[in-house]
Amino acid sequence: MTTAHDQHDLLARMSLDQCVKCTICETHCPVMAVTPKFPGPKFVGPQAERYRHGDSVDQSLDYCSSCGTCTLVCPQGVKIAEINSQARAVMKKNHMPIRDRIISRTTLLGKVMTPIAPIANWKLSLPPVRWFIEKLFGIHRHAPMPKAGSRTFSSWWKKHTPPTPTRGKVVFFHGCAGEFFEVETSIKTVEVLEFLGYEVVTPKQGCCGLALQSNGLFDSARTHVNKLAQQLNIEPGTPIIASAASCAGMLKHEAREILGMTDPTLTAVGTRVRDVCEFLLSLAESGDLPLDFQPINQTVAYHAPCQLKSQGMGLPALDVLRLIPGLTVIDSEATCCGIAGTYGLKKEKYAIAQAVGKPLFDKVIEVNPHLALCDTETCRWQIASSTGAEVHHPIWMIHQAYGLG
Amino acid sequence: MTDTIVIGAGLAGLTASIRLAESGQAVTLLSFGEGGLPLSQGTIDVLGYVENQPVRAPFTEMSGFIKAHPDHPYAFLSSTTISTAISWFTDQTAGLLQPSDETNHFVPTALGAMRPTYLVPPSMVFPDVPRFAVVGIQQIKDFSPGLIAENLTRTANIQTRPYWIDLPARPGEVDSSPVHYAQALDNPDFLSRFVDKIVATIGDEDAVLLPAILGLHTDAHSRLTEALQRPVVEVIMAPPSIPGIRLNNQLVKRAKEWGVRVVLGSKVTGFTATKDHITSVTLHQAGRDQTYSGDNVIYGGGGFESGALVVDSYGKVREALFDLPLAGADRLDLITGDYWKPQPLFEVGVIVDPSMRVVDPGKPKKPIYHNLYVVGGLLAGAQRWIEKSGDGIAIASAYQAAESILGGDRS
């Protein structure tokens with residue numbers, strides 16, 4: 001069997017020589033700030049990597065949450081988070097916890113939970129059940145769990161009658177959470193795109209494998225990415241609009257930079273992927289976005305997820321939301337919510353993840369304890385579960401401001 | 001939607017962004033990573049040394065300095081512009097830096113040297129008292145009170161006595177980042193334990209020198225001064241620099257308050273231009289390249305340390321983004337054998353007209369692009385490290401570029 005180190009394209013590893021030990025990554029690492037168990041991205045990343053040669057030299061690496069903040073702020077282009085993710089896959093290869101194999105299969109969870117949604121959601125809300133799950137699998141009893149919807153996005157899509165399009169086509173990429181757990185976000189995204197006049201094409205699609213990747217299950221993650229890239233590779237030249245910012249990031253760059261994938265179909269798809277707010281902002285900039293929004297007289301906090309920030313495109317949701325009259329959007333300015341995909345679910349990391357997210361939770365409660373906005377699913381679940389606020393994708397506001405319901 | 005694109009989020013880029021945005025411009029700030037301020041000493045230099053002699057009053061010496069260095073960036077600005085820019089900048093720091101009394105401060109470093117610098121935080125002002133306690137913390141490396149005390153006795157002619165205290169910022173951690181101490185000292189409980197340790201350790205010295213770790217978000221310095229009932233001085237340390245981080249945080253906050261759109265984490269890798277006009281710059285984002293357009297571009301990419309200037313293995317120096325013509329690059333002795341001597345390499349850079357637009361050294365009358373302004377570390381003709389002039393060049397050139405753009409807008 002090939003290891004990640006055999007396969008990855010060495011881009012990340014080669015970047016370690018660019019590290020000048022300036023410490024900027026350390027000052028921004030949200031995990032290092034709250035626990036001495038993680039010695040920080042510089043130490044675990046470019047420094048320890050020199051000693052690895054495909055072996056594991058330092059178990060503290062497991063405490064990296066892969067939020068990617070280090071790579072984002074690095075002024076020298078060191079792929080710190082990518083180096084760490086690759087090294088973790090090697091470290092966990094021969095002793096992957098069963099838990100990590102389960103929680104990384106989002107589609108499977110959705111398929112199991114959706115048909116029995118009320119029972120599944122109820123069971124997962126019971127403390128004894130959660131205690132049992134914690135003991136058996138190591139998923140913390142208080143960690144946020146997705147709530148299955150009673151319908152899938154596909155079942156809505158099949159029954160839905162689109163209006164007559166007045167602009168071109170777009171391909172819609174909802175991701176597996178958008179199929180099973182965040183169905184309303186998927187529906188609202190389609191409705192906004194159709195309101196703007198686009199013909200929305202929605203191919204059958206699976207999971208992007210992000211949770212598999214962040215848990216070090218690289219081979220399975222690559223299989224998922226390849227399959228998804230083929231599914232989305234329709235309507236050449238049209239934008240692929242994503243309502244799941246982290247899954248968009250997987251196709252845009254993480255599959256290449258972390259999994260070392262250079263498949264031409266993936267590259268073709270990756271260059272076409274646009275986060276939905278990124279797409280709307282580009283329309284606004286070219287004068288093609290109707291700005292006759294209905295006012296929304298509210299103040300809300302917006303949190304930009306790490307995996308959106310790591311796409312290096314600024315905060316498009318913030319820019320678009322600020323076009324809505326009456327709406328005051330406060331940037332959370334927080335580094336990370338702590339969940340980092342599945343990190344904050346894990347028994348041994350739950351407290352760290354809560355400490356990481358605390359400044360954000362405080363900010364949300366201070367700005368508006370009832371509603372906050374965030375572009376990715378697991379971050380929304382984390383913020384909601386730790387603040388009690390409803391947390392929506394920014395597209396909900398745009399949907400509302402266009403008077404779509 | 002963008003009037004001006006600013007490239008680089010260091011001192012120059014942030015200064016230009018804030019100045020333009022507060023004047024009503026829509027600014028997009030593109031930065032590959034975080035700028036260099038968190039690595040800086042957290043004070044602002046204008047002119048620290050001339051001919052190896054420390055400068056007492058930079059603006060008194062400025063006209064003489066400019067006369068002696070006609071190719072220096074300060075010669076393209078003017079003493080008045082530099083002074084106006086520095087005074088405007090002080091206001092942006094919301095009290096982090098205290099207003100100047102027109103003279104340099106001399107502040108201690110972690111090696112025990114007294115370093116000239118112009119604007120300082122109140123926590124670094126060196127009091128005029130005879131006896132100092134220098135207090136190190138065993139869990140913080142690169143701050144050795146014995147070394148500092150001995151050197152300060154030599155360099156500052158004061159009495160010093162070194163002390164150590166033993167107080168982990170976090171239980172069980174033997175080697176903590178200054179950031180962890182600063183965060184810990186933001187907590188009143190830790191602060192009072194810190195005070196107790198110091199009180200139990202030091203003697204009746206008149207003032208206390210501590211590593212620059214006194215709080216990131218709170219004014220731990222004032223509380224400590226009050227608790228110890230004598231002046232407390234923060235000593236500049238190796239990075240990460242808490243005073244530098246405070247300054248960076250404040251400037252980024254100010255920029256965002258004025259509506260500057262910050263795009264962090266992608267590198268500007270190319271541009272499109274007509275004969276003398278930059279039409280767009282290309283940002284290498286995740287997944288693809290994206291163009292950004294604005295009426296003007298301010299380029300504050302820094303010098304060699306950030307890769308805006310590169311040297312190949314033949315000693316050929318190049319500006320990496322726009323391939324701008326460079327001054328001072330065509331000589332064989334770019335690096336001399338003496339470490340302490342000025343290195344001609346560091347004077348290599350871009351030259352500009354008085355509005356900060358790039359010109360060809362051979363044809364200095366006409367800007368190469370009428371909407372491309374270069375500021376900060378890219379400018380040719382300075383030995384920033386030796387002169388201690390880098391911050392002043394960054395602030396004044398950025399301010400001047402912004403004024404040129406705003407002046408153009410107004411006319």
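The values are calculated or read from the model by the stated rules, or taken from the named source; none is laboratory data. Computed from a predicted model, the values in this text were never measured in an experiment. Neighbour counts run over all protein chains shown; Cβ positions are idealised from the backbone, glycine included.
Annotations
- Residue that is nearest to A:ALA304 (Cα to Cα), among those in the stretch A:74-99 that are part of a helix (DSSP H, G or I) and touching a Pro at 6+ places or on another chain (Cβ under 9 Å): A:ALA81
- Residues in the stretch A:205-249 that are in contact with a Lys or Arg (Cβ under 9 Å, 6 or more places away or on another chain), hydroxyl-bearing (Ser, Thr, Tyr) and either in a loop (DSSP other than H, G, I, E, B) or within 14 Å of chain B (Cβ to nearest Cβ) (or both): 2 in all.
- Number of residues in the stretch A:259-296 that are within 12 Å of chain B (Cβ to nearest Cβ), surrounded by 13 or more Cβ atoms within 10 Å (Cβ to Cβ) and part of a loop (DSSP other than H, G, I, E, B) equals 1.
- Residues of the stretch A:274-317 classified as touching an Asp or Glu at 6+ places or on another chain (Cβ under 6 Å) and without any contact (Cβ under 8 Å) to a residue 24 or more places away in the chain, total: 0
- Any chance A:THR23 is of a type in the set (Val, Ile, Thr), in contact with a Pro (Cβ under 8 Å, 6 or more places away or on another chain) and surrounded by fewer than 23 Cβ atoms within 10 Å (Cβ to Cβ): yes
- Taking the criterion of being in a loop (DSSP other than H, G, I, E, B) and either away from chain B (no Cβ under 12 Å) or in contact (Cβ under 8 Å) with a residue 40 or more places away in the chain (or both), the residues of the stretch A:22-37 that qualify are A:CYS22, A:CYS29, A:PRO30, A:VAL31, A:ALA33, A:VAL34, A:THR35, A:LYS37.
- Tally of residues being buried (at least 19 other Cβ atoms within 10 Å of the Cβ) and either among the hydrophobic types (A, V, I, L, M, F, W, C) or modelled with pLDDT of 95 or more (or both) across the stretch A:48-62: 2
- Residue match in the stretch B:160-173 (condition: out of contact with any strand residue (DSSP E or B) (no Cβ under 7 Å at 6 or more places or on another chain), under 24 Å from B:LYS141 (Cα atoms), among the aromatic types (Phe, Trp, Tyr) and buried (at least 17 other Cβ atoms within 10 Å of the Cβ)): no
- Among the residues of the stretch A:350-405, those identified as within 20 Å of the chain's Cα centre (by Cα) and of a type in the set (Lys, Arg) are A:LYS358, A:ARG380.
- Condition met for B:VAL262 (under 30 Å from B:THR93 (Cα atoms), under 28 Å from the mean Cα position of the chain (by Cα), away from chain A (no Cβ under 14 Å) and modelled with pLDDT of 95 or more): no
- Of the helices (runs of 4 or more DSSP H) entirely within the stretch A:100-204, those holding at least 1 residues that are farther than 28 Å from A:ARG274 by Cα and not assigned by TED's automatic domain parsing to the domain that holds A:GLY338 occupy A:106-113, A:117-123, A:127-137.
- Counting only strands (runs of 3 or more DSSP E) that sit completely within the stretch B:236-316, those holding 3 or more residues that are under 21 Å from B:MET1 (Cβ atoms) correspond to B:261-264, B:267-273, B:278-285, B:288-292, B:296-299.
- Subset of the stretch B:250-293 (residues that are under 15 Å from B:THR15 (Cα atoms) and in contact (Cβ under 8 Å) with a residue 12 or more places away in the chain): B:GLN250, B:LEU251, B:VAL252, B:ARG254, B:ALA255, B:TRP258, B:GLY259, B:VAL260, B:ARG261, B:VAL262
- Any chance B:VAL310 is touching a helix residue (DSSP H, G or I) at 6+ places or on another chain (Cβ under 8 Å), surrounded by fewer than 15 Cβ atoms within 10 Å (Cβ to Cβ) and modelled with pLDDT of 95 or more: yes
- B:GLU319 being surrounded by 15 or more Cβ atoms within 10 Å (Cβ to Cβ), at negative phi, more than 11 Å from chain A (Cβ to nearest Cβ) and not β-branched (Val, Ile, Thr): yes
- Boolean, B:PHE32 is within 14 Å of chain A (Cβ to nearest Cβ), surrounded by 24 or more Cβ atoms within 10 Å (Cβ to Cβ) and of a type in the set (Phe, Trp, Tyr): yes
- Being within 14 Å of chain A (Cβ to nearest Cβ), of a type in the set (Val, Ile, Thr) and over 30 Å from B:PRO367 (Cβ atoms) is a condition met by at least one residue of the stretch B:208-230.
- When residues of the stretch B:175-219 are limited to those that are within 15 Å of B:PHE132 (Cβ to Cβ) and among the charged types (D, E, K, R), the one surrounded by the fewest Cβ atoms within 10 Å (Cβ to Cβ): B:ASP204
- Per-region count, the stretch A:53-82, residues closer than 12 Å to A:PRO30 by Cα, hydroxyl-bearing (Ser, Thr, Tyr) and more than 13 Å from chain B (Cβ to nearest Cβ): 3
- All helices (runs of 4 or more DSSP H) inside the stretch B:41-160 with 2 or more residues being assigned by TED's automatic domain parsing to the domain that holds B:HIS180: B:145-155
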